[in-house]
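Q: Pasting a structure below so you can have a look.
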Amino acid sequence: PMRCVTFAKTPEIKIMRKLLVLFSVLLLVAGILEWICETRPKRSFGDVLREVVNTHPLAEYRDTAFGFTMPYPTFMSREDAKNDHFIGGARFSYWGNWVKITMECHVSKDRKELTTAQTARIIATRLRASKVKTGRNDFVINGKMYDGERAVEGYSYRRKYVRGRGVWYVCTLYYPAQYRNDLARLLRLVDCWTAHSSRNVPDENTIYGY
């Protein structure tokens, strides 16, 4: 008669079976996690940008020559503005997802014979502003961004002028219009900016333009 031969389960075989089961479980878990990641809605750049804008702390730029300040978010980096034609101030920018956001400040000449409202009308016309809001000693303008005579596609600006001692202090935000709602915090910074000027202008003859 034929006999069946059985083999005893050695410790090595038991270990291999346990490893095989564990490996199968790990594959299953990895598959589930991959499925969750693929089906989860991806965050838009606007959502990411809004989080960056709202969560980063503010730093303060202080101009030592003209004695004014401007807050700016720390995710922006200062640009080299040596070749620019504005007097005083600085420029800070952020690049991401093929868009650029810039916040800058400078001083311009104050034609003292003009009222704030008259100055606002002149500058709004020159900068093609679509909206003007005038206060007693300040005003805010909004409009499309231009490079010379050509509009920069998809970009807008918000600029505030604060009347100082012989000058206008100017703060500007250039931004992609499609992310306006996501940049609400930066727009409010411009609207609420006061310059905190504390010094007399060193030499009014060195200041020009608006």
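Q: When the residues of region 109-128 are filtered to those that are open to solvent by 30 Å² or more (accessible area, probe 1.4 Å) and in contact (Cβ under 8 Å) with a residue 12 or more places away in the chain, which remaining residue is farthest from Val162 (Cα to Cα)?
A: If we take residues in region 109-128 being open to solvent by 30 Å² or more (accessible area, probe 1.4 Å) and in contact (Cβ under 8 Å) with a residue 12 or more places away in the chain, then Arg128 is farthest from Val162 (Cα to Cα).
Q: How about region 10-108: which strands (runs of 3 or more DSSP E) wholly inside it have at least 1 residues that are at pLDDT 90 or above and among the β-branched types (Val, Ile, Thr)?
A: Result: 68-73.
Q: So, in region 163-190, how many residues would count as being within 14 Å of Leu58 (Cβ to Cβ), open to solvent by 10 Å² or more (accessible area, probe 1.4 Å) and in contact (Cβ under 8 Å) with a residue 40 or more places away in the chain?
A: Total meeting the criteria: 2.
Q: Taking Phe75 as the residue in question, decide whether it is closer than 18 Å to Leu186 by Cβ and touching a residue at least 12 places away in the same chain (Cβ under 8 Å).
A: yes
The values are calculated or read from the model by the stated rules, or taken from the named source; none is laboratory data. Note that the coordinates shown come from a computational prediction; the quantities given were computed from them, not determined experimentally. Virtual Cβ from ideal backbone geometry, glycine too; neighbours counted across all protein chains shown. We work out accessible area using only protein heavy atoms, side chains counted, and drop any ligands, DNA or RNA first. Shrake-Rupley method; radii C 1.70, N 1.55, O 1.52, S 1.80 Å.
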